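First up is the structure itself, then whatever we jot down about it.
The values are calculated or read from the model by the stated rules, or taken from the named source; none is laboratory data. Being a predicted model, the structure only gives us computed values, none of them experimental. A quick note on method: Cβ atoms are made from the backbone with ideal geometry, for glycine too, and the neighbour counts reach across all protein chains shown.
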Amino acid sequence: MITGRLYCTARAMWKLSWFLRDFGYDTELLGNNEIDDSALVGLQGVLKVSHAIAHGISVLNLDGFAPLSRWQELSPTAATGDDPPGSEVA
């Protein structure tokens with residue numbers, strides 16, 4: 001499990017909506033511009049993350065995301081089963 005945050009400013013709402021859609025969030029709720037905390041549990045997809053130090057603070061950056069169905073296509077090691085230690089589908 002990865003814990004993080006996505007910005008919900010007016011300028012960033014398109015990215016939040018895209019993220020939720022790709023991870024299987026309820027399309028009816030999304031269409032009504034509703035976020036139900038309980039509907040967020042169990043969403044699955046593929047994340048590309050990186051680690052950085054910003055102002056002396058360790059941060060985890062969300063560099064990209066995709067639906068779970070694209071895991072085989074996006075992971076060069078998924079087909080061989082040679083995933084690096086600690087890697088998993090989120």
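Below, the figures for the structure above:
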| item | result |
| --- | --- |
| Qualifying residues in the range 14-58 (those that are of a type in the set (S, T, Y) and out of contact with any Asp or Glu (no Cβ under 6 Å at 6 or more places or on another chain)) - the one farthest from W71 (Cα to Cα) | S58 |
| Any pair with Cβ under 8 angstrom, 6 or more apart, that starts in the range 1-30 at a residue that is in contact (Cβ under 8 Å) with a residue 40 or more places away in the chain and within 14 Å of G45 (Cβ to Cβ) and ends at one that is among the aliphatic types (A, V, I, L, M) and in a loop (DSSP other than H, G, I, E, B) | M1/A90; I2/A90; F19/L6; F23/L43; G24/L43 |
| Near pairs, Cβ below 6 angstrom, 6+ apart or cross-chain, from the range 48-61 (in contact (Cβ under 8 Å) with a residue 12 or more places away in the chain and outside the structural domain of F19 (by TED's automatic domain parsing)) to any residue that is polar (S, T, N, Q) and not in a strand (DSSP E or B) | none |
| Failed item in (1) among the charged types (D, E, K, R); (2) modelled with pLDDT under 85; (3) surrounded by 14 or more Cβ atoms within 10 Å (Cβ to Cβ), with D26 passing the rest | (2) |
